[in-house]
1. Which pairs have Cβ atoms under 9 Å, sit 6 or more apart or on different chains, and link a residue in segment 16-36 that is closer than 18 Å to LEU68 by Cβ and among the polar types (S, T, N, Q) to one that is assigned to a loop (DSSP other than H, G, I, E, B) and modelled with pLDDT under 90?
2. Any idea which of (1) assigned to a helix (DSSP H, G or I); (2) touching a Leu at 6+ places or on another chain (Cβ under 7 Å); (3) modelled with pLDDT under 90 is the one SER146 doesn't satisfy?
3. Going through segment 189-236 one residue at a time, which ones are loosely packed, with under 15 Cβ neighbours inside 10 Å, more than 23 Å from ASN177 (Cβ to Cβ) and under 20 Å from the mean Cα position of the chain (by Cα)?
4. Restricting attention to segment 119-141, report how many residues are at pLDDT 90 or above, assigned to a helix (DSSP H, G or I) and closer than 20 Å to PHE169 by Cα.
5. Just checking: which of the helices (runs of 4 or more DSSP H) contained wholly in segment 19-114 hold 2 or more residues that are within 20 Å of SER136 (Cβ to Cβ)?
6. Which one of these is of a type outside the set (D, E, K, R), surrounded by fewer than 17 Cβ atoms within 10 Å (Cβ to Cβ) and under 15 Å from LEU25 (Cβ atoms): ALA76, ALA99, ALA110?
7. Could you say which residue among SER86, SER74, SER81, SER50 is over 21 Å from the mean Cα position of the chain (by Cα) and modelled with pLDDT of 90 or more?
8. I need a count of the residues in segment 166-188 that are exposed (fewer than 14 other Cβ atoms within 10 Å of the Cβ) and in a helix (DSSP H, G or I).
Amino acid sequence: MAGENLGIKASLPPYLDPNLQVEDLVTGVCFASAGSGYDPETPILTAVPSIPNQLDLFRQYMAKLRTLVGEQKSKAIIENSLYVISAGNNDVGATYFLARRKSSDMDSYANFLVGQASTFIRQLHGLGARKIAHLSTIVTGCVPASRTVFGGIGRPLSTTFLDVYNPLFDIIQRPENYGFVDVKDGCCGTGELEFAVLCNQLSSTCINASNYIFWDSVHLTEKAYKILTSEIMKDINKLQNEIKC
């Protein structure tokens, strides 16, 4: 949705999409893998590509881009692109409780994730990225699944922290201000636990998803994402304006 708000295109296609068009390499693609995280245990638990794997894909992308548009133009595209990172939700919301809680307190684990994030950003910077925006984690303890299971050097680098936590927390605390009716359940199935493969064509769904903050027990509805995107776009625009100065 950020791509649409920036006037680029409605959505960024996955880099691994077999139907990816050549022109998409120039205008932006997505390397993200749902369920991954900074903790090496997270992609193992969710059986998805790790962040280092995603970084390797980015290197492949850079090579293809150089072949497509040449060294000079590809360098300009890499340096002037906006890199939006969203990671940590699955680490904090799942991996910590399933695999790390007995060996680490939350403060130590948070510091570990910050270190992992810093390493990743430095690696991305080393590949030429200069405009980097990092989303905060969401309110992981308030999503329906958590309620059910747990009870409740180079050119200047410009980065900004995109606060997702507080805007989403405000939506959850004051749903009526945003036109929502149900704040505790997901639209899919019982609304308490179904997500990913558990939310499928056999699951019943609510009549009006726009009344719900959550689509399933983890992910937001389109309406909620649009409201949240409009908030974080304010910070993205600040980053863009800083780069232009």
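1. The qualifying pairs are THR27/ILE8; THR27/LYS9; THR27/LEU12.
2. (2)
3. Scanning segment 189-236 gives ALA196, VAL197.
4. Result for segment 119-141: 0.
5. On the way: elements: 24-27, 41-46, 51-69, 71-80.
Counting at least 2 such residues, we get 51-69.
6. The match here is ALA76.
7. Numbers: SER86 fails: over 21 Å from the mean Cα position of the chain (by Cα); SER81 fails: over 21 Å from the mean Cα position of the chain (by Cα); SER50 fails: over 21 Å from the mean Cα position of the chain (by Cα).
Of SER86, SER74, SER81, SER50, the one residue that is over 21 Å from the mean Cα position of the chain (by Cα) and modelled with pLDDT of 90 or more is SER74.
8. Narrowing segment 166-188 to residues exposed (fewer than 14 other Cβ atoms within 10 Å of the Cβ): 166, 173-174, 176-177, 179, 181.
Now restrict to residues that are in a helix (DSSP H, G or I): 166, 173, 176-177.
Of the residues in that region, 4 qualify.
The values are calculated or read from the model by the stated rules, or taken from the named source; none is laboratory data. Just so we're clear, the structure is a prediction, and the values are computed from it rather than from any experiment. Neighbour counts run over all protein chains shown; Cβ positions are idealised from the backbone, glycine included.
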